[in-house]
Amino acid sequence: MAAGGQLSSVPEVEMDPDGTFKYILVRVQRGADEHRDIVRGTADAEFHNHIFEKVNPEMEKLFLVCKCLGGGKIDHNSKDKKIRVFGLSTGYGKADHSVTVEILKRTYKDYKISWSDDKK
């Protein structure tokens with residue numbers, strides 16, 4: 001990744017290739033005007049804040065500021081090329097899943113991606 005806080009160098013999506021796991025929607029900012037929303041998800045995280053605690057130091061090294069916009073869960077089925085976004089984070093609240101889906105669609109162009117407010 002480029003030094004000096006290049007927002008374009010930050011991948012929009014980093015998540016596990018398969019399974020159901022927690023995710024967070026994070027706003028990465030440089031200065032007052034420039035920002036980019038990114039999605040991070042992994043089964044390694046027992047709680048949503050564990051994901052943020054990994055992302056935040058990475059962004060600080062790039063002189064970028066992070067803010068968690070909420071969380072939920074992602075069900076990623078790479079075999080069937082399907083992703084389902086749902087649920088919420090107890091600590092951060094529910095992410096705007098429609099925003100998450102738009103970001104995912106740019107990375108997973110040939111996938112069927114859906115979301116719901118269901119908790120399971």
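The values are calculated or read from the model by the stated rules, or taken from the named source; none is laboratory data. The model shown is predicted, which means the values in this text are computed figures rather than measured ones. Backbone-built Cβ (ideal geometry, glycine too); neighbour counts: all protein chains shown. Calculation scope for accessible area: heavy atoms of the full protein, side chains included, ligands and nucleic acids excluded. Shrake-Rupley method; radii C 1.70, N 1.55, O 1.52, S 1.80 Å.
Of note, G31 does not satisfy the criterion of being within 15 Å of the chain's Cα centre (by Cα) and without any contact (Cβ under 8 Å) to a residue 40 or more places away in the chain. Annotation: of all residues in the range 65-88 being of a type in the set (V, I, T) and in contact with a Gly (Cβ under 7 Å, 6 or more places away or on another chain), the one that is surrounded by the most Cβ atoms within 10 Å (Cβ to Cβ) is I74.
None of V39, V65 is within 28 Å of D110 (Cβ to Cβ) and not acidic (D, E) except V39. Going residue by residue through the range 36-45, is there one that turns out to be touching a residue at least 24 places away in the same chain (Cβ under 8 Å), open to solvent by 70 Å² or more (accessible area, probe 1.4 Å) and touching a helix residue (DSSP H, G or I) at 6+ places or on another chain (Cβ under 6 Å)? No. Picking from residues in the range 89-98 that are touching a residue at least 60 places away in the same chain (Cβ under 8 Å) and surrounded by 17 or more Cβ atoms within 10 Å (Cβ to Cβ), the one that is nearest to the chain's Cα centre (by Cα) is A95.
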